[in-house]
1. What is the residue count in segment 182-198 for residues that are buried (at least 19 other Cβ atoms within 10 Å of the Cβ) and either within 19 Å of GLY19 (Cβ to Cβ) or charged (D, E, K, R) (or both)?
2. Is it the case, given these coordinates, that THR176 is surrounded by fewer than 17 Cβ atoms within 10 Å (Cβ to Cβ) and either within 23 Å of ASN103 (Cα to Cα) or of a type outside the set (A, V, I, L, M) (or both)?
3. Just wondering, is there one or more residues in segment 72-86 that are farther than 22 Å from ALA39 by Cα and either touching a residue at least 40 places away in the same chain (Cβ under 8 Å) or part of a loop (DSSP other than H, G, I, E, B) (or both)?
4. If the requirement is being among the hydrophobic types (A, V, I, L, M, F, W, C) and in contact with a strand residue (DSSP E or B) (Cβ under 6 Å, 6 or more places away or on another chain), which of these qualifies: VAL99, VAL165?
5. Take LEU73 and decide whether it is modelled with pLDDT of 95 or more and farther than 22 Å from PRO211 by Cα.
6. Test LEU162 against the stated conditions and say whether it is modelled with pLDDT of 85 or more, touching a Phe, Trp or Tyr at 6+ places or on another chain (Cβ under 6 Å) and either aromatic (Phe, Trp, Tyr) or closer than 30 Å to GLN55 by Cβ (or both).
7. Return the residues of segment 190-209 that are more than 16 Å from the chain's Cα centre (by Cα) and either assigned to a loop (DSSP other than H, G, I, E, B) or under 30 Å from VAL167 (Cβ atoms) (or both); say none if nothing qualifies.
Amino acid sequence: MSCWATAIYVSETDTRLLGLFGGSFDPVHVGHLRLAIEAKEYLGLEELRLLPVTQSNLRQPPRCDAAQRVAMLREATQGMPGLVVDTSEIDRAGVSYTVDTLNDFRARYPRRPLVFILGMDAFAQLPKWHQWQKILALTHLLVVTRPDQAPLPAGEEMRELLDRVRVDDARQLVGTPAGSIAILTIPPLPISSSDIRARIRQRRDIRFLVPDTVREIIEKNGLYQ
């Protein structure tokens, strides 16, 4: 028997999906931004909130403090309509549990459809997340993958979950506030924040890996040295 919570919802007049995309953004790079744009277009979002974490319970603390990461993220998203930097997790302080963030958004938007965006690698690790069984009662999920990744995560529980709640058309996410999973395959762009930090320590050039405005902040403040 599945341990996932089940919820029944009633549709409302406002059926606009609100996208949520969390991460350390330490630093934000073009891979993050390309994923955000691809997800926004695929889902037809008017607004996608970028949520920098204070501290993940599954990763080492960010190298840069919250204010520096937010500043880079705001610079990176200048002139990108619909991408909004949201400091909800940082304002809450402490460990950034996704379920707490989703509870906050659900309190603000009791019936509006929410969609939380994450990569296939993160989705495969979902059973390690705090109170992970509650997440689909609060939001839809958009799992972003690449053509070179395995199409489905290992593990019987996760495959069974996808079999039950996966939808093939993003428009199906609009009818209810939460409870479904869609999968989006995007072109591979193998860039990581950890690799960028390593390049900076090695005094290598990071142009075209991060936006120029982000590179300028990093160089001006001597970040990641």
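1. 2
2. Considered against the rule, which asks whether it is surrounded by fewer than 17 Cβ atoms within 10 Å (Cβ to Cβ) and either within 23 Å of ASN103 (Cα to Cα) or of a type outside the set (A, V, I, L, M) (or both), THR176 comes out as no.
3. Checked segment 72-86: no residue is farther than 22 Å from ALA39 by Cα and either touching a residue at least 40 places away in the same chain (Cβ under 8 Å) or part of a loop (DSSP other than H, G, I, E, B) (or both).
4. VAL165
5. no
6. Answer is no for this residue.
7. Once the filter is applied, which keeps residues that are more than 16 Å from the chain's Cα centre (by Cα) and either assigned to a loop (DSSP other than H, G, I, E, B) or under 30 Å from VAL167 (Cβ atoms) (or both), segment 190-209 yields PRO190, GLN202, ARG203, ARG204, ASP205, ILE206, PHE208, LEU209.
Each row is one residue, and each column tells you yes or no for (1) among the hydroxyl-bearing types (Ser, Thr, Tyr); (2) farther than 30 Å from GLU160 by Cβ.
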site: ILE37; (1), (2): no, yes
site: TYR42; (1), (2): yes, no
site: LEU48; (1), (2): no, no
site: VAL85; (1), (2): no, yes
site: LEU114; (1), (2): no, no
site: GLY119; (1), (2): no, no
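The values are calculated or read from the model by the stated rules, or taken from the named source; none is laboratory data. Computed from a predicted model, the values in this text were never measured in an experiment. Note that we place each Cβ from the backbone using ideal geometry, even for glycine, and neighbour counts take in every protein chain shown.
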